[in-house]
Amino acid sequence: MASTSTDTTGLRDITKMERIGAHSHIHGLGLDDNLEARETGQGMVGQLKARRAAGVMLKMIQDGNKNAGRAILMAGAPGTGKTAIAMGMAQSLGADVPFTMLAASEIFSLEMSKTEALTQAFRRSIGVRIKEESEIIEGEVVEIQIDRSTTGLGQKSGKLTLKTTEMETMYDLGAKMIDALNKEKVMAGDVITIDKASGRISKLGRSFTRARDYDAMGSDTKFVQCPDGELQKRKEVVHTVSLHEMDVINSRSQGFLALFSGDTGEIKTEVREQINQKVGEWREEGKAEIVPGVLFIDEVHVLDIECFSFLNRALEDPLAPVVIMASNRGISKIRGTNYKSPHGLPVDLLDRLLIISTTAYTEPEIKQILTIRCEEEDVQMTEDAKDILTRIGMETSLRYAIHLITASSFVAKKRKAAAVDVADIKRVYSLFLDEKRSVQMLKEYQGQYMYNEIDMADREPAIGNSMQMSV
Ligand SMILES: Nc1ncnc2c1ncn2[C@@H]1O[C@H](COP(=O)(O)OP(=O)(O)O)[C@@H](O)[C@H]1O
Ligand SMILES: [Mg+2]
């Protein structure tokens, strides 16, 4: 699954690249503190209701999202910003909240079963934040004093004086600590840490203030600053991994190298059960917490009935991420059945979803989006050209108009103009057909194409059906 990205940092990496993607102008949802959508913000324009709804979802996720298995469907015509909004959400998630993007068609193109692919996508979207906290004492040794009883019998005892730049404290030493100090050959002037739980002592180096003892120390001695602040410190290490990463690392047949090659294959159910159990134990001990992320399934209507029933079940799992789906279908056939259903999804699945609908853009909004795209692609365009392009966007599609930006900038460059003008737009408009004109042309010349099925009966083919089109 080369195109799935597990986290937002990955997405940021992609936007850093020189290439400009379809959504590279999107940097967030463009909401204010009250989750109201700004007319324009972070590359987003209009579609206020849907953006606000997405913002509410986002807030829920960020606040810890106690409710597993929330799912939303973004429904709307092509080019109304469904994918763009999902990208905006991804960019606003916290750095360690997993975001997985899956084009529904990927499910069918992997060397594993559909349900396995979906399970992996689900588990990629759940993070486990593992906390390791330890209390340590860190300071420079001022003095070690060990009392030996005159008889040589009984417990050894002693005192250790440690200091930071701000304080100095004396600690009582037990026999175990004395042994540990001896073993590490700790002496006055060393900077050491003591792990309070395990009693482990580690030497960080010699304090700079003792640098003049250098001769006696040997040349491999490391010198460090005397620590500042309190002697007792808490050290916390936090790292987040996804359940899927844990699965892969722990499945013996794969090993962690599979994470890099992406060639993970199918993972045994037992492995997953073990991981779930382990994570459960860690949660109880307070060592780990679950970070529910987001799974975005684009073009979800491409999934079939088996996948949909898998989704029904998977959404009920206590370890389910927030699932966002996007569909551009109206009432259409559910793949794998002969039944028609809204958005191409079965009604029992629809029943579990909150639906956000996206609507067509107004003319000023289209103009604004095109302006943002011009900036993103570094294309200068005159106002008149923008107006024409906006009209084209209204009459054909937003995507088509966006595509013309690049093409027209090439034409303008060719005539060595600084900015794209009306003539350049007209030129590319005549060179590249949009969908409507293409259909128009097909209707006129359909006889010359292969396998055409429209209106065969009432038209006399011009040349012959089997004739291959020549370009
Ligand atoms: N509200 C918006 N603000 C800025 N750009 C948008 C907006 N809506 C769509 N776009 C851009 O228009 C193009 C088509 O939108 P897209 O999100 O791919 O549509 P959909 O997924 O609904 O078919 C993309 O390049 C997208 O980034
Ligand atoms: Mg899309």
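The values are calculated or read from the model by the stated rules, or taken from the named source; none is laboratory data. Only a predicted model underlies this, so the values are computations on that prediction, with no experimental measurement involved. Cβ sites come from the backbone with ideal geometry, for glycine too, and all protein chains shown count toward neighbours. Quick note on the areas: whole protein, heavy atoms, side chains included, nothing else; ligands and nucleic acids left out. Shrake-Rupley method; radii C 1.70, N 1.55, O 1.52, S 1.80 Å.
In whole angstrom, and with the biggest value first, how far do the Cα coordinates of segment 132-237 range along each principal axis?
The Cα atoms of segment 132-237 stretch 40, 39, 24 Å along the principal axes, largest first.
Going by accessible area, probe 1.4 Å, with all protein chains left in place, what is the ranking of Asp421, Asp190, largest first?
Output order, biggest surface exposure first: Asp421, Asp190.
Using the charge dipole of segment 132-237 (Lys, Arg: +1 at Cβ; Asp, Glu: -1 at Cβ; taken about the Cα centre), state which of Val224, Met187, Met167 has its Cα farthest towards the positive end.
Result: Met187.
Is segment 42-199 best put as rounded, prolate or oblate by its Cα gyration tensor, with a ≥ b ≥ c the root eigenvalues, rounded for a/c under 1.5, and otherwise prolate when a/b is larger than b/c, oblate when not? Provide the component values of the computation, followed by the final result.
Details: a/c = 4.87, a/b = 3.01, b/c = 1.62.
Because a/c hits 1.5 or more and a/b exceeds b/c, segment 42-199 counts as prolate.
Under a 1.4 angstrom probe, counting protein chains only, how are Phe223, Phe308, Phe410, Phe108 ranked by accessible area, largest first?
Per-residue accessible area, sorted high to low, gives Phe410, Phe108, Phe223, Phe308.
When only alpha-carbon atoms count, how far does segment 287-424 stretch along each of its three principal axes, as whole angstroms with the largest first?
On the principal axes, segment 287-424 reaches 59, 49, 25 Å in Cα extent.
Name the long-range amide H neighbours of Ala71: under 5 Å, sequence gap of 5 or more, or other chain; modelled H, no Pro or chain starts.
Placed amide hydrogens put Val323, Leu354 under 5 Å from Ala71.
Debye calculation, C-alpha points only, no solvent: report log10 I(q)/I(0) for segment 363-439 at q = 0.18 Å⁻¹, in the same order as the q values.
Result of the Debye calculation: -0.61.
What part of the accessible area of segment 74-204, given as a whole %, is carbon or sulfur when the probe is 1.4 angstrom?
Details: 3130 of 6010 Å².
With neighbouring chains kept in place, the figure for segment 74-204 is 52 percent.
Val56 accessible area, nearest 10 Å², 1.4 Å probe?
Its accessible surface works out to 60 Å², give or take rounding.
Measure off, as a whole percent, the carbon and sulfur share of the 1.4 Å-probe accessible area of segment 363-439, all protein chains present.
Summing carbon and sulfur atoms, their accessible area is 54 percent of the total for segment 363-439.
With every protein chain in place, what's the accessible area of Ser157 (1.4 Å probe, Å², nearest 10)?
Here the residue's solvent-accessible area equals roughly 50 Å².
Per residue of segment 346-358, what does 6.51 cos²θ - 1.76 cosθ + 1.60 with θ = phi - 60° give for ³J(HN,Hα)? Whole Hz please, x for Gly and Pro, Karplus curve as stated.
x, 5, 5, 6, 3, 4, 8, 9, 8, 9, 10, 9, 10
For Val224, which sequence-distant residues (separation of 5 or more, or a different chain) have an amide H within less than 5 Å of its own amide H, given hydrogens modelled in the peptide plane?
Here Arg206, Ser207, Phe208 satisfy the definition.
What accessible area, in Å² to the nearest ten, does a 1.4 Å probe give for Lys443?
About 100 Å², ignoring ligands and nucleic acids.
Enumerate the calculated ³J(HN,Hα) couplings along segment 405-417 in order (Karplus 6.51 cos²θ - 1.76 cosθ + 1.60, θ = phi - 60°), each rounded to whole Hz, writing x wherever the residue is Gly or Pro.
Those phi angles translate into 4, 4, 4, 5, 5, 5, 4, 5, 4, 4, 8, 6, 8 Hz.
Considering only protein heavy atoms, with the full assembly of protein chains and a 1.4 angstrom probe, order Tyr339, Tyr361 by accessible area, largest first.
Working: Tyr339 160, Tyr361 35 Å².
My answer, sorted largest first, is Tyr339, Tyr361.
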